[in-house]
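All of the numbers you see were taken from the coordinates with simple rules; none came from a lab. All of these numbers come straight from a predicted model, not from anything done at the bench. Counting neighbours? That spans all protein chains shown, and the Cβs are built from the backbone with ideal geometry, glycine included.
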């Protein structure tokens, strides 16, 4: 059985869990609850970067991080692949995944910085991450047609990123001024895999 280092609030873990559900692979994976911030965590033995998710295969090989894991999972089972074959559609999907993961990266970095003691916070760093998210959202608004073209790892990653903004930055309405992205999200978020992977309130 596969073993997944898992945390309920990680957007990267959520992306992996959504792919597991979409591919019908849930019963092949054991979830191992992991707090990557704990001082006594043994996570580095599976991922030297100390991050979740990490997926241990049946032969003992460990895969990390989420882009690698989801592509591996997409190679299993017989459902319609989330990674398109070589060609323009594949590059579009991978590009969307990169933008979405970047939104999560910037959001997490911003949140961690705000949690530092007052004398150690960098307002410039926080603003840099906020602007990165804004630019990425504006790009997605302008490329809404790419999202509307069908399910892929890109659309799943974007769903996860937008949900993460709602989860951690609900006081900032990313929908404001982005009607096409908001409309796509409202429609696309009506899916079982997204509901079943929601972080705790």
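Ranking 3, 51 by Cβ neighbours within 10 Å, fewest first, what do you get? Walk me through the numbers on the way to the answer.
Details: 3 16, 51 20.
If I rank by nearby Cβ atoms, fewest first, I get 3, 51.
Packing-wise, with mean Cβ within 10 Å as the measure, how do 85-93, 53-61 rank, highest first?
Details: 85-93: 12.7, 53-61: 16.1.
So the peptides 85-93, 53-61, ranked by packing, come out 53-61, 85-93.
When DSSP assigns beta bridges and you keep just the ones with both residues in the range 1-136, what percent turn out antiparallel, to the nearest 5? Don't jump to the answer; show the numbers that get you there.
Working: 5 of 10 bridges.
The answer is about 50 percent antiparallel.
What order do you get for 169-180, 16-27 when each peptide is scored by the mean count of other beta carbon atoms within 10 Å, highest first? Before the final figure, lay out each step's value.
Numbers: 169-180: 13.0, 16-27: 19.2.
So the peptides 169-180, 16-27, ranked by packing, come out 16-27, 169-180.
I want to check the label-to-label distance for residue 124 and residue 86. Put each point 7 Å from Cα in the C-beta direction and report it in nm to one decimal.
Label at residue 124, label at residue 86, 4.5 nm between them.
Order these peptides, 38-46, 105-113, by their mean beta-carbon neighbour count within 10 angstrom, highest first. List each step's numbers first, then the result.
Details: 38-46: 11.9, 105-113: 16.9.
Packing proxy ranking, top to bottom: 105-113, 38-46.
Rounded to the nearest 0.05, what FRET efficiency do residue 68 and residue 95 have when you use their Cβ-Cβ distance and R0 = 22 Å?
Numbers: r = 17 Å, r/R0 = 0.76.
The computed FRET efficiency comes out at 0.85.
If each DSSP helix of 4+ residues adds -39,500 (n - 2.57) and the sum is divided by the residues in the chain, what number results at 222 nm, nearest 500 deg cm²/dmol? Display every interim value, and only then the final one.
Values: 8 runs with 103 residues, N = 201.
The helix-only estimate for the chain comes to -16000 deg cm²/dmol at 222 nm.
How far is the Cα center of the range 140-201 from the Cα center of the range 39-53, in Å?
29 Å
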